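Presented below is the structure to which this report refers.
The values are calculated or read from the model by the stated rules, or taken from the named source; none is laboratory data. Since we're looking at a predicted model, the values are computed, not measured. With ideal geometry, Cβ positions are generated from the backbone for all residues, glycine too; neighbour counts draw on all protein chains shown. Surface areas here come from the heavy atoms of the whole protein model, side chains and all, with no ligands, DNA or RNA. Shrake-Rupley method; radii C 1.70, N 1.55, O 1.52, S 1.80 Å.
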Amino acid sequence: MAKSISKKIQKHLSQSLADYFDPDAFFILGVSGGLDSMALLYLFHLLEREALVVHINYGKRGKQADKDQELVEQLAFQWGFECCSIRLNPKEAEGENFQNWARKQRYQFFRDLKSDSGAEAIVTAHHQDDQVETILQKLFRGSGPAAWQGMREWDGKLFRPLLNFDKEDILAFCEAEAIPYRTDESNQSSDYARNFIRNEFAQQMDSLLPGWKQNILNLPEQGKLFEASITEITEQVTNNNSINLKKYAQLPQILKPAVLKTLLDQFGLEGVYSKGQLEALTELEFLQPGKSMKVGDLVLTRERGGIHLQKNESIDEISQKISKKIAHEGYSLNGITLKKTKKPSGKAALKLDASKLSWPLTLRSWSDGDALQPLGMAGHQKVSDHLTNRKIPSHFKEKALVLCGSDSTIYAILYPVPATNNEQGAISELAKCESTSTTFLTINFS
């Protein structure tokens, strides 16, 4: 039996490595000195795979922790691995949950070493019992079906080749191969959630509901089915980073939070938003046109017939001085070209009478309160209102520019995208060309 499980584990790791990595791939191998990680270290030795062994000494167990480190270092050297041991100061975790702190520290070191060494993956010894505990904790914390998938063998960062084997399998492997390991007695304490599940809850469930673990391990498949279904529905109500409000409104209310969660996660916001924020977002369909809601750095803006989603990337303020000389030579910025000429160009998108302008000019981002006298109008109009009237999408408005004179008079508005009538900007009545005009400022867009 022991030899059988030994061959099975070796065969599985060999196949998994072949499925995911090149033969010469290099790994970061986390080894604590316990049963699971020592089995993993020996497996990498048997398969002659290259790895940097990393051991974290948390300084919580005095001489016992030092003996863990000594075992890892000795066997890593004996089996031909380079080993890096890192000693932490547990006092730095004061005021925090120690296990959470330790985990953050551990994986930060792993990531740093992976980056420095050019390793393909961080390898951990998570096994089937860990998977059960992970899914249970998510269930107890109220996580939805999408989270039931638990840990993956390879998620692009962490490689967990022992996930298909339980603690008894790994123990049998260590006994069959005479692999030494250390036992951390602090794991027997039920002070932490995972230890409680392992030491008390699981034992009671084994006696009361035999087979319960396998039922838990079946949940990831249901989670995958749920995720695939919600992803399909999400694709049906979205297009080009926009939510089709008509289709979204027709969804059953119970599905809307799941669709929004999928969208937020696709924008890299997983873990950023709260349950309350997600519930508030279900009211998106009732937003007034031009109004926005924000989650993290994502802005959701109500447009005509839909909700536009865009990362809130800070837009650099533009303020460029343009003298007559520069304009005569030709000035370009972000696809906009201004040129002062004595001959009018029929191809110009915008054309102003250069003699009516107060030089030097300034091309800048518009601000609240900016206003111009639109062509053909006697009064002034706010730039914000003008952009709204021209139906410039809300998420583009802040990218519009204004062309001003030295006296701050606004002579033109340059749109970031064409308006509904395909115009690319508007000029002021104060700068319009007439039959008597002799010099011109033309503006074109590429």
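Summary table
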| item | result |
| --- | --- |
| Residue in segment 361-384 that is within 17 Å of Q424 (Cβ to Cβ), surrounded by fewer than 14 Cβ atoms within 10 Å (Cβ to Cβ) and out of contact with any Phe, Trp or Tyr (no Cβ under 6 Å at 6 or more places or on another chain) present | yes |
| Near pairs, Cβ below 7 angstrom, 6+ apart or cross-chain, from segment 420-433 (outside any strand (DSSP E or B)) to any residue that is open to solvent by 80 Å² or more (accessible area, probe 1.4 Å) | T420/K391; E429/L375; E429/M377; K432/L375 |
| Long-range neighbours under 6 Å by Cβ, at least six apart or interchain, first residue more than 10 Å from G33 (Cβ to Cβ) within segment 60-86, second β-branched (V, I, T) and surrounded by 14 or more Cβ atoms within 10 Å (Cβ to Cβ) | A76/V53; F81/V53; C83/V53; C84/V54; I86/I56 |
| Residue within segment 382-393 that is aliphatic (A, V, I, L, M) and either in a strand (DSSP E or B) or more than 26 Å from Q288 (Cβ to Cβ) (or both) present | no |
| Unique match (being over 23 Å from P90 (Cβ atoms), of a type outside the set (S, T, N, Q) and crowded, with 23+ Cβ neighbours inside 10 Å) among L47, L52, L40, L75 | L40 |
| Residue in segment 279-287 that is in contact with a Pro (Cβ under 9 Å, 6 or more places away or on another chain), closer than 30 Å to R364 by Cβ and not aromatic (F, W, Y) present | no |
| Residue among K343, K325, K321, K339 that is in a loop (DSSP other than H, G, I, E, B), open to solvent by 30 Å² or more (accessible area, probe 1.4 Å), among the basic types (K, R) and over 21 Å from H386 (Cα atoms) | K343 |
| Meets criteria (aliphatic (A, V, I, L, M), out of contact with any Lys or Arg (no Cβ under 6 Å at 6 or more places or on another chain) and in contact (Cβ under 8 Å) with a residue 40 or more places away in the chain) for L264 | no |
| Spans of helices (runs of 4 or more DSSP H) in segment 1-82 with at least 3 residues more than 20 Å from L158 (Cα to Cα) and out of contact with any Cys (no Cβ under 8 Å at 6 or more places or on another chain) | 2-20, 62-78 |
| Subset of segment 113-144 (residues that are closer than 30 Å to P257 by Cα, open to solvent by 40 Å² or more (accessible area, probe 1.4 Å) and over 20 Å from the mean Cα position of the chain (by Cα)) | K138, L139, F140, R141, G142 |
| Segment 192-250 - residue that is outside any helix (DSSP H, G or I) and in contact with an Asp or Glu (Cβ under 9 Å, 6 or more places away or on another chain) and, of those, least open to solvent (accessible area, probe 1.4 Å) | I243 |
| Exclusive hit being among the small types (G, A, S), over 30 Å from I216 (Cβ atoms) and open to solvent by less than 20 Å² (accessible area, probe 1.4 Å), set A65, A102 | A65 |
| Residue match in segment 230-239 (condition: more than 31 Å from the chain's Cα centre (by Cα), of a type in the set (A, V, I, L, M) and at pLDDT 90 or above) | no |
| Positions within segment 1-24 being aliphatic (A, V, I, L, M) and either more than 18 Å from A125 (Cβ to Cβ) or open to solvent by 10 Å² or more (accessible area, probe 1.4 Å) (or both), in sequence order | M1, A2, I5, A18 |
| Hey, D407 open to solvent by 80 Å² or more (accessible area, probe 1.4 Å), modelled with pLDDT under 90 and closer than 19 Å to E317 by Cβ or not | no |
